[in-house]
Amino acid sequence: MRADADVDASRPSGPDGLVMGKDGLAALVDVLIRRGFTPVGPTVREGAIVLAELGSADELPYGWGVELEAGRYRLRERADGAAFAHAAGPQSWKPFLHPPRVREWTADRVAGELVVTAERVAPPRYAFLGVRPCDLRAIAVQDRVLTGGAYRDPGYAGRRSGALLIVVECTEPGATCFCVSMGTGPATGPGYDLVMTEVVDADRHRFWVRSGSREGAEILAELPARPADPETRRTARAGVAAAADRMGRSMPETDLRELMARTLDAPRWDDVAGRCLTCGNCTMVCPTCFCTTTEDVTDLTGDHAERWSLWDSCFDLDFSNLHGGPVRASARSRYRQWLTHKLGTWYDQFGSSGCVGCGRCIVWCPVGIDITEEAAALHDWTRSGQPTPEPS
Ligand code: SF4
Ligand code: SF4
């Protein structure tokens, strides 16, 4: 659903929705292509479930799941043939809506004159298939950051305005997931065009589908689907409820914003700084991190120049470089900046948490630093008034 869409909250498919089989999923991708969308969804590539353009539903990761732990990601085969029974992979939808490298303009010297040409590439009209509820919230967070304030990013707005969002609710959380703590899943919130819940019984593989926008309803009307029976709806809801009970991680039950404000001098920051490599992986994989830097390049003739916008990270030493040097020179100050922004000052800037509980920063941290463990340690420190014990 577009960020600025005229929302029809009445669920045009009706509250009970429709049910379809694997043939419906195949038809969905075909319909999306026929309607001019570029479908993007999960697929197995190079030992991971990544998000990539799909030519057909056959490319979905049927029969694959994942094992996640701090600093660890492994594919594992599933006997049930489920397509969406896997937790978040290394990417979110961020690289599609807010790409890591964007050329802003080029400049050429032509007959002694400087000609500057703004980059104007019509973005593809994406259909994101398999958006997790936590990632749906992350898109809403980036909408607020990149289009909701005084400094609107027109490139993001252009890519986002045409995007169709097809959510798949979570029935198989990872060991690093904590969306329940953040109120972002495993059931979906608003903002989708279509939402599906996958149900795999002993002998039946089906999807309970509901629409959340007129365009979603029009697409759903083209699929081989029938009214959802009570048993499918009940089983689907039970699968999502069971997922909520199997979250791998949780945040401490406290006001995280207040916790961040009260622990700026906690010794835990020194502890985590001793482990953090300041590599910035956590910011690259995070679906809400949005910072960019600007790079100007020229060719060897000096007659051609380009300006690029590139993802940046608050873990980079240069990130806070002002005259005289970086404001945050130590690993302690950079990790503290990242965590206190995510869980605390993001509220002041954007009115929400900057963390949606996807767990990617835990999985893709090369030394396995765990945001929930760090928050818990800070919480323990406020309760005990004593320095937290050394991590084992
Ligand atoms: S901070 Fe970590 S868990 Fe939270 S949204 Fe970013 S990557 Fe996901
Ligand atoms: S917390 Fe982990 S991923 Fe993030 S900068 Fe430190 S070492 Fe890298």
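At a probe radius of 1.4 angstrom, the accessible area of the chain per residue rounds to 46 square angstrom. Considering only Thr293, Thr188, Thr345, the mean-square fluctuation computed in a Gaussian network model of the chain, springs between alpha carbons under 10 angstrom, is largest for Thr293. Computed from phi, the 3J(HN,Hα) profile of the range 352-362 under the Karplus parametrisation 6.51, -1.76, 1.60 (θ = phi - 60°) reads 8, 6, x, 10, 10, x, 6, x, 4, 5, 6 Hz, with x in place of Gly and Pro. Counting only protein heavy atoms and a probe of 1.4 Å, the accessible surface of the range 18-245 is 51% carbon and sulfur. The per residue volume of the convex hull around the alpha-carbon atoms of the chain is 171 Å³. Backbone geometry of the range 204-210 corresponds, through the Karplus equation with coefficients 6.51, -1.76 and 1.60 at θ = phi - 60°, to 3J(HN,Hα) couplings of 9, 10, 8, 9, 8, 10, 10 Hz, x marking Gly and Pro.
Here the simple spin-label model places points 7 Å from the Cα toward Cβ, and for His304 and Glu119 these points are separated by 1.5 nm. Of the chymotrypsin sites (Phe, Trp or Tyr not before Pro) found in the range 116-161, those in coil by DSSP whose Cβ has at most 14 other Cβ atoms within 10 Å are Tyr151. Among Leu114, Leu378, Leu68, the residue with the largest mean-square fluctuation in a Gaussian network model of the chain, with springs joining Cα atoms closer than 10 Å, is Leu114. How high is the relative contact order of the chain, in percent, with contacts defined as C-alpha pairs under 8 Å that are six or more residues apart? This gives 22 percent for the chain.
What do you get for GluC sites (Glu not before Pro) in the range 48-127 restricted to DSSP loop and a cutoff of at most 16 other Cβ within 10 Å of the site's Cβ?
For GluC sites (Glu not before Pro) across the range 48-127 that sit outside H, G, I, E and B with at most 16 neighbouring Cβ atoms in 10 Å, the list reads Glu119.
Here's how it looks for Gly368: its modeled amide H is under 5 Å from those of Gly71, which are all 5 or more places away or on a different chain. With a cut-off of 14 Å between beta carbons, the residues surrounding Thr372 carry a summed charge of -2, where Lys and Arg count +1 and Asp and Glu -1. Working from label points 7 Å from Cα in the Cα-to-Cβ sense, the Ala241 to Arg226 distance is 2.6 nm. Sorted largest first by accessible area at a 1.4 angstrom probe radius, with every protein chain in place, the residues Met247, Met20 fall in the order Met247, Met20.
The values are calculated or read from the model by the stated rules, or taken from the named source; none is laboratory data. These numbers come from a predicted model, not from an experiment. Every residue, glycine among them, receives a Cβ derived from its backbone with ideal geometry; neighbour counts consider all protein chains shown. Surface areas here come from the heavy atoms of the whole protein model, side chains and all, with no ligands, DNA or RNA. Shrake-Rupley method; radii C 1.70, N 1.55, O 1.52, S 1.80 Å.
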